1. Can you find, within the stretch 18-39, the residue that is nearest to the ligand (Cβ to nearest atom) among those that are in a loop (DSSP other than H, G, I, E, B) and either modelled with pLDDT of 95 or more or under 23 Å from L347 (Cα atoms) (or both)?
2. So how many residues does the stretch 53-100 have that are part of a loop (DSSP other than H, G, I, E, B) and either more than 10 Å from the ligand (Cβ to nearest atom) or of a type in the set (D, E, K, R) (or both)?
3. Can H105 be described as more than 26 Å from L292 (Cα to Cα), outside any loop (DSSP other than H, G, I, E, B), open to solvent by 20 Å² or more (accessible area, probe 1.4 Å) and away from the ligand (no atom under 15 Å from the Cβ)?
4. Taking the stretch 218-232 as the region of interest, how many residues are out of contact with any Asp or Glu (no Cβ under 8 Å at 6 or more places or on another chain) and touching a residue at least 60 places away in the same chain (Cβ under 8 Å)?
5. Here is a list: A60, A79. Which entry is open to solvent by less than 10 Å² (accessible area, probe 1.4 Å) and closer than 23 Å to D144 by Cβ?
6. Would you check which residues across the stretch 149-187 are under 20 Å from L123 (Cβ atoms), polar (S, T, N, Q) and either open to solvent by 20 Å² or more (accessible area, probe 1.4 Å) or modelled with pLDDT under 80 (or both) and list them?
7. What residue, among those in the stretch 319-337 that are in a helix (DSSP H, G or I) and crowded, with 22+ Cβ neighbours inside 10 Å, is nearest to the ligand (Cβ to nearest atom)?
8. Just give me the residues in the stretch 214-267 being open to solvent by 60 Å² or more (accessible area, probe 1.4 Å), of a type outside the set (S, T, Y) and closer than 21 Å to I112 by Cβ, in sequence order.
Amino acid sequence: MAADLWSYVSHGSGDESTQANNVAAFQRIGVLPRMLRASEHRELSVELCGMSLPTPLFLAPVGVIGLCDPQGHGEVATAQAAARTGVPMMASTMAVDPLETVASHFGDTPGIFQLYTPTDRDLAQSLVHRAENAGFRALVVTLDCWHTGWRPRDPLLTDSPRLRSDCLANYLTDPVFQRLLPTAPDDNPSVALDTWNTIFGNRLTWDDLPWLRSLTELPLILKGIGHPEDVRRAKDGGADAIYCSNHGGRQANGGLAAIDLLPSVVAAADGLPVLFDSGIRSGADIVKALALGATAVGIGHPYIYGLACGGTDGIVNVLNALLQETDLLMGLDGYPTIADLTPEVILPTGR
Ligand code: FNR
């Protein structure tokens with residue numbers, strides 16, 4: 001990867017303690033084994049917002065994934081990995097290729113569109129309608145990134161306008177965004193980035209939730225929630241699922257590990273599905289998150305690096321490794337179905 005891209009991808013916010021905690025917290029909890037419950041097969045399938053998925057794993061949205069591919073079309077490469085594995089991709093608003101192109105590579109695997117809500121409401125509606133028309137099956141709205149986090153490592157590199165301007169395909173192909181441009185981007189290449197800068201971050205409040213809900217009939221998933229009271233408000237406001245995440249430690253630093261937030265989020269969700277990401281690095285981590293109540297578990301960094309190393313094959317390799325370890329661990333520990341994994345089987349390791 002080019003230096004600016006690698007820097008942008010690998011570094012978290014602040015002193016990166018939240019990013020490090022996300023991973024370290026998984027070492028502080030372990031799975032209790034049960035014996036004489038061996039089974040030939042494990043049952044890993046899940047139902048999520050009307051989607052039947054063969055496994056509980058998903059590919060979290062990554063706005064620069066397009067650039068992380070050696071061929072420069074990382075959304076398409078990721079969509080092809082989703083098609084091959086049945087592991088759904090959440091396609092970010094920030095993309096090298098437009099969402100319609102990405103969706104055309106999903107095969108039979110459902111796709112999920114992730115909205116960065118722009119300040120222009122017509123543009124938000126247009127992006128969502130395009131996602132619906134392209135066949136996406138659910139909408140994720142990211143709440144924890146209306147402003148980029150404080151990422152002091154290599155600020156010149158990580159703030160690189162090149163990274164952003166290369167990932168504007170969904171905006172440049174949108175009729176509403178095109179109308180917002182003062183001149184044609186061909187005449188002045190920076191005009192698109194300048195315009196995007198004025199509309200990117202919408203400082204949403206709970207008063208905006210009815211409007212977000214009104215954007216689509218697709219299942220609405222709210223990403224970045226970690227407080228039980230926010231879970232209850234999201235549920236009352238018509239969200240179909242809660243997405244517990246701290247953006248992999250890239251946004252607000254000085255926080256708790258995401259896995260430490262999960263139990264109270266699940267309790268407050270009171271039966272609503274809970275998606276989880278931030279810090280998942282192994283099948284063991286997936287088992288722990290499922291036991292603590294996650295309905296589905298997402299990864300960011302692991303598949304970014306799989307893509308950078310080996311394109312679609314690289315992502316498929318990462319997904320297979322994670323899923324095979326999950327399956328084997330559930331077998332060896334005597335929990336053949338996800339329903340067998342309950343919070344009682346997770347104990348502190350004392351580390
Ligand atoms: C992200 N993430 C993210 N989230 C989102 O909702 N929209 C986006 O466009 C992006 N972009 C993005 C870029 C990069 C480089 C990274 C690393 C992450 C956050 C992502 O969806 C997810 O929450 C975290 O990556 C999960 O943590 P792990 O698995 O990377 O530890």
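1. R28
2. Within the stretch 53-100, residues that are part of a loop (DSSP other than H, G, I, E, B) and either more than 10 Å from the ligand (Cβ to nearest atom) or of a type in the set (D, E, K, R) (or both) number 14.
3. Answer is no for this residue.
4. 2
5. Only one candidate qualifies: A60.
6. The answer is S165, T173, Q178, T183.
7. L322
8. Those that are open to solvent by 60 Å² or more (accessible area, probe 1.4 Å), of a type outside the set (S, T, Y) and closer than 21 Å to I112 by Cβ: E217, K235.
The values are calculated or read from the model by the stated rules, or taken from the named source; none is laboratory data. Only a predicted model underlies this, so the values are computations on that prediction, with no experimental measurement involved. Cβ coordinates were reconstructed from backbone atoms using ideal geometry, including for glycine residues, and neighbour counts include every protein chain displayed. Side chains are part of the model used for accessible areas, which takes the heavy atoms of the whole protein and leaves out ligands, DNA and RNA. Shrake-Rupley method; radii C 1.70, N 1.55, O 1.52, S 1.80 Å.
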